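The values are calculated or read from the model by the stated rules, or taken from the named source; none is laboratory data. Computed from a predicted structure; not experimentally measured. Note: ideal-geometry Cβ built from the backbone for every residue, glycine included; neighbour counts use all protein chains shown. The area values use the complete protein model at the heavy-atom level, side chains included, leaving out ligands, DNA and RNA. Shrake-Rupley method; radii C 1.70, N 1.55, O 1.52, S 1.80 Å.
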Amino acid sequence: MFPSKPTSRSMLFTVTILFLLTSTILVTANEDPTVETYNDGADSDLQELIAIDEQEGGGGGEEQQQGDQQKEAEVLSKAQRIVLELNSDNARRIIDQNEFVLILGYAPWCVRSAELMPQFAEAANKLKELGSPVLMAKLDAERYPKVASTLGIKGFPTLLLFVNGTSQVYTGGFSGEDIVIWARKKTGVPVIRISSSVEAEDFQKKHDLFVLGLFDKFEGHDYEEFIKAATIDNEIQFVEVSSSAVAKILFPNINARDNFIGIVKSEPEKYTAYGGIFEKDTILQFLEYNKFPLVTILTELNSARVYSSPVKLQVIVFADANDFKNLIQPLQEVARKFISKIMFIYIDIADENQAKPFLTLFGIEDSENTVVTAFDNRMSSKYLLESNPTPSNIEEFCLRLLHGSLSPYFKSQPIPDNKEKILQVVVGKTLDDLVLSSPKNVLLEVYTPWCISCETTTKQIEKLAKHFKGVDNLVFARIDASANEHPKLQVDDYPTLLFYPVGDKENPVKLSTKSSSKDLATVIKSLLRAKEDVPKDEL
């Protein structure tokens, strides 16, 4: 579901919602097709999950391309034997006859469905290898709309887990590993028990992120709370061991005689020990604040988790991929000083889907150089580092963000030359001087380029400006709200006409944009309260 274009007042909040909506990969069923429809073939129970796209011919990298094709073909071949194709005849029977059925509802034309299908195939293969009782199935919801409606599939793609015929909404991540972890936890395997060094070494090779629990005996209050946390968490694989020697393989610097919990993730801050009480809520809170790396690279797959983080202060770095390689190490050093207080995020500045909506909030959507921004999601405030993005400047920027001493950023166009202009052009940087601090009455038109009716209102204002040209204490002005912001200009509708009277600029009078030029002139005359300076002729 794609939201409508946000207003200037709600842009900051809307971009977060936009990412949450798009990254949970839900597209409404009545959306127009954006990808050419394909046919899944016959209605047999076992069909290929997705087709391998034809590869365009090219020069170098042919061997690598062939290798990738072979690996993909192997995954899809396994998926063909594992993933059931549901239809109007078999859907209810398969759900009723199996304890656990994880269903992917998709549409052939849906881009999000196409992105999720390879991850679903990967999860199907992995769950099969693990001996999971989960039956993986897919349904072309466009081809079988009645079945989709009966199952509760209302958008594309949708993941639903049926347990003994009753469905529950999927709440995990969208990588193959995420799906595997979520499915196993929801089907009775919230924790993997590791008993030997060999098992530990093998597990370590396959997992970059996991929670380790060391318990001499798998019983007691502490252990029960650990299991509760493992069951509630939807994203991270939990493992349990009873041997300190085995635990050291997974968490080398462990130094605990009693019960222990620690999170292991990718370098450089690989090991973090839990130091709180053994209660599920505090354990889960610890994981929420520590599950991300020092600098998180934002992707479609992890964006929902990033934006739902309890860390409300976020510093986002936009840079070219090559520039980021040189920046990542010093940026990690800065991030280490603000662990659990500020989340650091990297977005490839060339990625239009991820980067452009954010950069547009600052009016720098065409920037190609490194940009450092920050958001305080508690107050919906945004900030921009306007000095060079050196490590020392970034650290100072973060300190001021943490202490609340940064000034929020409001975008503004360059200051224009208003000499000899009857209708003054106001930008974010000049609204104080030209409007709020002006010794004159000001009639301000607030507009946006995409506003259909703004052009008519502008012509009216130009006509009125000419009519009142001889009035010394009245200024006519206009501001583009799409490119300029100010904390005291909060407008949701366009066009908007605001009359700022001398002596009470804090309480502008809103004028009707549906009035005729003559009616507006009458209102302006009454507001001026200086009839002797008003032209006597009528419009």
Q) If A355 satisfies every condition in (1) out of contact with any strand residue (DSSP E or B) (no Cβ under 6 Å at 6 or more places or on another chain); (2) of a type in the set (A, V, I, L, M, F, W, C); (3) assigned to a helix (DSSP H, G or I); (4) over 28 Å from T272 (Cα atoms) but one, which is the exception? A) (1)
Q: Of the conditions (1) out of contact with any Lys or Arg (no Cβ under 7 Å at 6 or more places or on another chain); (2) within 30 Å of D208 (Cα to Cα), Y144 clears all except one; give me its number.
A: (2)
Q) Tell me, which residue of region 200-225 that is in contact with a strand residue (DSSP E or B) (Cβ under 9 Å, 6 or more places away or on another chain) and farther than 14 Å from D258 by Cα is most open to solvent (accessible area, probe 1.4 Å)? A) D208
Q | region 409-431 - residue that is touching a residue at least 12 places away in the same chain (Cβ under 8 Å) and open to solvent by 60 Å² or more (accessible area, probe 1.4 Å) and, of those, farthest from the chain's Cα centre (by Cα) | A | I422
Q: Go through (1) open to solvent by 30 Å² or more (accessible area, probe 1.4 Å); (2) in a loop (DSSP other than H, G, I, E, B); (3) not acidic (D, E) and name the single condition V491 misses.
A: (1)
Q) Of the residues L287, L298, L313, L331, which single one is closer than 30 Å to S197 by Cα and aliphatic (A, V, I, L, M)? A) L287
Q: Might you let me know whether region 349-366 holds any residue that is at positive phi and crowded, with 16+ Cβ neighbours inside 10 Å?
A: yes
Q) Can you pull out the strands (runs of 3 or more DSSP E) entirely within region 371-470 that have at least 1 residues that are closer than 29 Å to L497 by Cα and not hydroxyl-bearing (S, T, Y)? A) 381-384, 423-426, 441-447
**Q.** Residue list for region 340-398, restricted to those being of a type in the set (G, A, S) and in contact (Cβ under 8 Å) with a residue 12 or more places away in the chain
**A.** S340, A350, A355, G363, S367, A374, S380, S381
Q | Among (1) of a type outside the set (D, E); (2) at pLDDT 75 or above; (3) open to solvent by less than 60 Å² (accessible area, probe 1.4 Å) - the single one A79 does not satisfy | A | (2)
Q | Count of residues meeting criterion [assigned to a loop (DSSP other than H, G, I, E, B) and open to solvent by 10 Å² or more (accessible area, probe 1.4 Å)] in region 88-107 | A | 4
(Q) For the condition open to solvent by 20 Å² or more (accessible area, probe 1.4 Å), without any contact (Cβ under 8 Å) to a residue 40 or more places away in the chain and of a type in the set (S, T, Y), what is the one hit in S437, S453, S482, S512? (A) S512
Q: For region 306-331, name all the residues that are in contact with a Phe, Trp or Tyr (Cβ under 8 Å, 6 or more places away or on another chain), touching a residue at least 40 places away in the same chain (Cβ under 8 Å) and under 25 Å from G404 (Cβ atoms).
A: Y307, L313, Q314, V315, I316, V317, F318, L331
Q. With respect to A374, is the statement that it is aliphatic (A, V, I, L, M) and touching a helix residue (DSSP H, G or I) at 6+ places or on another chain (Cβ under 7 Å) true?
A. yes
Q) Listed residues I316, I345; which is under 21 Å from K270 (Cα atoms), in contact with a strand residue (DSSP E or B) (Cβ under 7 Å, 6 or more places away or on another chain) and of a type outside the set (S, T, N, Q)? A) I345
Q. Of the residues that make up region 459-478, is at least one closer than 25 Å to I415 by Cβ, open to solvent by 30 Å² or more (accessible area, probe 1.4 Å), over 31 Å from the mean Cα position of the chain (by Cα) and touching a residue at least 60 places away in the same chain (Cβ under 8 Å)?
A. yes
Q.
Looking at K429, K419, K440, can you tell me which residue is touching an Asp or Glu at 6+ places or on another chain (Cβ under 8 Å), at pLDDT below 95 and not acidic (D, E)?
A. K440
Q.
From the list I461, I452, I479, exactly one residue is touching a strand residue (DSSP E or B) at 6+ places or on another chain (Cβ under 8 Å) and modelled with pLDDT under 95. Which is it?
A. I461
(Q) Return the residues of region 159-189 that are among the hydroxyl-bearing types (S, T, Y) and either modelled with pLDDT of 95 or more or buried (at least 21 other Cβ atoms within 10 Å of the Cβ) (or both); say none if nothing qualifies. (A) Y170
